[in-house]
Structure formats: structure tokens, C-alpha cells
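Visitor: Quick one: the structure is below, questions incoming.
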Amino acid sequence: MVENSGSTASQYLDSKYALFSQSLSAILLIAIDLTLLMVLMRDTVEAANSIAEIDPLSQVHNRGGFNERAKLALERSQKRRHEVAFLLFDLDHFKLINDRFGHATGDRVIEKFGEILRLVISDRNVAGRIGGEEFAVLLENLTAPAARDVAETIRLALANTRFDEPDLHATVSIGIAMAEPFESLHTLCEKADIALYRAKRSGRNRTAVTEPT
């Protein structure tokens, strides 16, 4: 009888241990599932935010996405005392392109210019479409002559692009401003806009640089 009681107790403990092990395994699986779910949700939110910042036509940042990232890049460069160039682009006679060739053709010009920006501008810099036919680029750790070279590369790439319409010749005017210490993104954009106006007034399809103060 004693041996039988001991055996029963052992079986009881074994069953309790097995039940505990199963419960612990279930808890661990739930914890793992919750962790994976949280990671998936985080990645989904980040992907959605990234998509929300991209202009669907040009595939560069939209105005909101550009402003947010450009401000961070400007602050980072100013802390490191790196030079910063702000490039402002305006597609020449874009309204006339839409009126003469249609909005579908105008969209193709926007798409092509976005493609050129993505090819020329490195990932560590910021490019965005900030208006209908207006784009902006912020270049970190780049001198004024180097920034002008980048601008000219972009300008010539568009000027040499051939579209399906034989009479369509798309060009862009560009204004460049170099950031001063502690200068805001808004002020930097205003300076680039002054240079852009000078480029357009001088005949368009050219690059102008704001004179340093």
C-alpha cells in the first residue's frame, strides 16, 4: 500500500509538472507572438509614414516629407559645421506644356524630372517636390562650386531628354543658396528663390547662385 501511494503521488507530480510545462510553453508562445505582432505593426506604421511622405508622381518626397527631413539635415550639418546648399528648381513654361501637350504629357515631365533627381542626388541628401512644378534639394557637406556642378548635371539631363512629342523640350531653372550659421530652412529657401528668380529673368534654363551676404 505504501508503494502504491508513492507511485500515485509521483504520477500526480508528473502530471502537474507536465501541465506546468505546457502552460509555460503556451505563455512563451503568446509572448513571442505578441513581440512579432508589435514588430510587424511598427514596420507597417513606418512603411505607411514613408509612403505618406512620397509624391506619387515624381517619387521624391512631397512638401511635408521634404520639410521635415530637410530641417533635420540642416540642423545636423550646422552642428557639425558642414556647408549646406539649398537648390530650388522650377520647370520652365510648365503651364504651356500642359496647355499645348496635355496634362498626361505634363505628368511625364514631372516623372522624368523626379527620376533624374533620384539618379543624381545621393541617399544622404534630401529631394522633394514642393509645388506643382517646383522642386527642392538640400545637399549636405558640399561647397558652392560642387553644388553648382550638381545643379548643372540635373539641368543638362532634363534639357537633353527626348520625349515622345518631337516639339517638346523641357528645361528647368535653378536657384542655389548656401546656408549661413544658425539659418532657418525658411530663410534658406527664400534666398534660393531670389537666385531662381534671377535665373528665370536671365532667360531660363540656367543656374544662378545667391551672392553671400
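Throughout, read-outs are computed from the coordinates displayed, never taken from laboratory work. Owing to the predicted nature of the structure, the values given are computational and were not obtained by experimental measurement. Glycine gets a Cβ as well: all are built from the backbone with ideal geometry, and neighbour counts include every protein chain shown.
Visitor: In the P(r) worked out for the stretch 63-209, what percent of Cα pairs fall beyond 20 Å?
Guide: Pairs farther apart than 20 Å: 44 percent.
Visitor: Each residue of the stretch 106-111 in order: what ³J(HN,Hα) in whole Hz does its phi give by Karplus 6.51 cos²θ - 1.76 cosθ + 1.60, θ = phi - 60°, with x for Gly and Pro?
Guide: Couplings: x, 5, 5, 5, 4, 4 Hz.
Visitor: While we're looking at this one, here's another question. Arranged from highest to lowest average of other beta-carbon atoms within 10 Å per residue, in what order do the peptides 147-155, 74-82 appear?
Guide: In descending order of packing, they fall as 147-155, 74-82.
Visitor: Give the Debye-formula value of log10 I(q)/I(0) at each listed q (0.14, 0.25, 0.29 Å⁻¹), with one equal scatterer per alpha carbon of the stretch 103-156, two decimals each.
Guide: Results for the stretch 103-156 at q = 0.14, 0.25, 0.29 Å⁻¹ read -0.38, -1.07, -1.29.
Visitor: Find the lysine pairs in the stretch 63-209 meeting two conditions, Cα atoms under 24 Å apart and a separation of 8 or more places or different chains, and report how many there are.
Guide: Going through the stretch 63-209 pair by pair, I get 7.
Visitor: In whole Hz, what ³J(HN,Hα) sequence does the stretch 148-158 give by Karplus (6.51, -1.76, 1.60; θ = phi - 60°), x for Gly and Pro?
Guide: Working through the residues one at a time gives 5, 4, 4, 4, 5, 4, 5, 4, 5, 4, 6 Hz.
Visitor: Order of 63-70, 165-172 by packing, highest average Cβ count within 10 Å first?
Guide: Going from most to least packed, we get 63-70, 165-172.
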